[in-house]
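Chemist: First, the structure itself, so that you have it in front of you.
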Amino acid sequence: MLHASAPANSHRDSRSFAVRFRPPNRLTAAVPRHCRQLAANLPVHNSSQPLTSCHHGTTASPPSLQLKEIDTRIVFLKCSPEPKAQTTKKEDLKDSTFIMLGAPNHTEIIVIRHGETEWNKEGRIQGHLDVELNEIGREQARAVANRLSREPKISAVYSSDLKRALETAETIAQYCGGLEVAKDPGLRERHLGEIQGLLYSEVSKSKTNAKAYRAMVSHRDDSEIPGGGESLDQLRHRCASSLRRIAKSHRGERVVVVSHGGTIRALYRLASSTNGHSVGKILNTSVSIFHFSDDDDGGEEWTIKCWGDVSHLEDAGYLKSGFGGDKNSG
């Protein structure tokens, strides 16, 4: 079943997709024709604006998935609240979220790319290498955190365990009432093997790393990157497992997940029949909103309610610095 939606009386349009999954046989995915376009052409959506629905449907076969072993233990960190941070009473949280989502088996997951790093700025491949935010990235993190602190309350904040995502998540947690940040290695960027740490401009011309570069830019789901890198299938299975686990742990609630460009692109496939490569740039601290619901028969539904919103950067005067782009993703 598909849902596509647009806010009423607004110059900013929104697209909404859904996919219903009944493992292990078939995937029912649906994307209306008017939504099959590059995300670069999709106007951003302010998540506070209302959404309406329409329906359409088609069918596709699920990809075969393989999972590389990864330590998926969750580690919690406590963040001190900002002086004017919002309170997070459980009863208030659930009441406001139920009104917003309409059913207690729904989860709203706000997926955010980390702030800018110096390697983003340089065009250097990060992957699993642990690079911290630069000062612009910290400003971006504060901008998105301030935005979220003024929206319906957040019940939990999850993050990749890499510094650039974790620092972004900790800033959000501070602004949202001093919440705990749950570190989940399953939310890491794609492992990019032997080309991690190199410049994109160098790797694209290198004969030594030609095979790894082709695997990185390939649209083939099974192309593993030499040097211990992951295929798109492996990345997708890893991050989808984490997102599914988070969603089922927070039914009727609203949670934040801070991750990476490649990972967010892979998550797009959860709620769309299109290839994740078609979504355009994943900007630093961009906001994408997923709705999850399931039923007693094992069926799942994922809906994209908002994609790539960076209005908080525009409001804070940092819009230009949001465009690290996919070329510099990580």
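What follows draws every value from the coordinates through simple rules; no lab data is involved. If you're wondering where the values come from, they're calculated on a predicted model, not measured in any experiment. We place every Cβ from the backbone using ideal geometry, glycine too, and count neighbours over all the protein chains shown.
Chemist: Which distance in nm do the two modelled labels at S249 and V217 give, with both placed 7 Å along the Cα-to-Cβ direction?
Modeler: 3.8 nm
Chemist: While we're on this one: Between K207 and D315, what is the label-to-label distance in nm when each label sits 7 Å out along the Cα-to-Cβ direction?
Modeler: Distance between the two pseudo-spin positions: 5.4 nm.
Chemist: So for each of 291-300, 104-113 I average, over its residues, the number of other beta carbons within 10 Å; can you give me the resulting order with the highest mean first?
Modeler: 104-113, 291-300
Chemist: Which entries of K163/K248; K163/K183; K121/K281 show an alpha-carbon separation above 21 angstrom in the structure shown?
Modeler: Too far apart for the 21 Å limit: K163/K248.
Chemist: Here is a further query. Among DSSP beta bridges whose residues both lie in the stretch 107-315, state the antiparallel percentage, nearest 5.
Modeler: 55 percent
Chemist: Would you please put 161-171, 210-220 in order of how densely packed they are, using the mean number of other Cβ atoms within 10 angstrom per residue and starting with the highest?
Modeler: Result, highest mean Cβ count within 10 Å first: 161-171, 210-220.
Chemist: Of G229, G193, T208, whose Cα points farthest to the positive end of the dipole of the stretch 190-233 (charges on the beta-carbon: +1 Lys, Arg; -1 Asp, Glu; origin at the Cα centre)?
Modeler: T208
Chemist: In whole angstrom, note down how far apart the Cα centers of the stretch 232-304 and the stretch 140-194 are.
Modeler: Centre-to-centre distance over Cα atoms comes out at 15 Å.
Chemist: Starting from the Cα coordinates of the stretch 107-315, work out the convex hull volume and express it per residue in Å³.
Modeler: Given the Cα convex hull of the stretch 107-315, per-residue volume reads 111 Å³.
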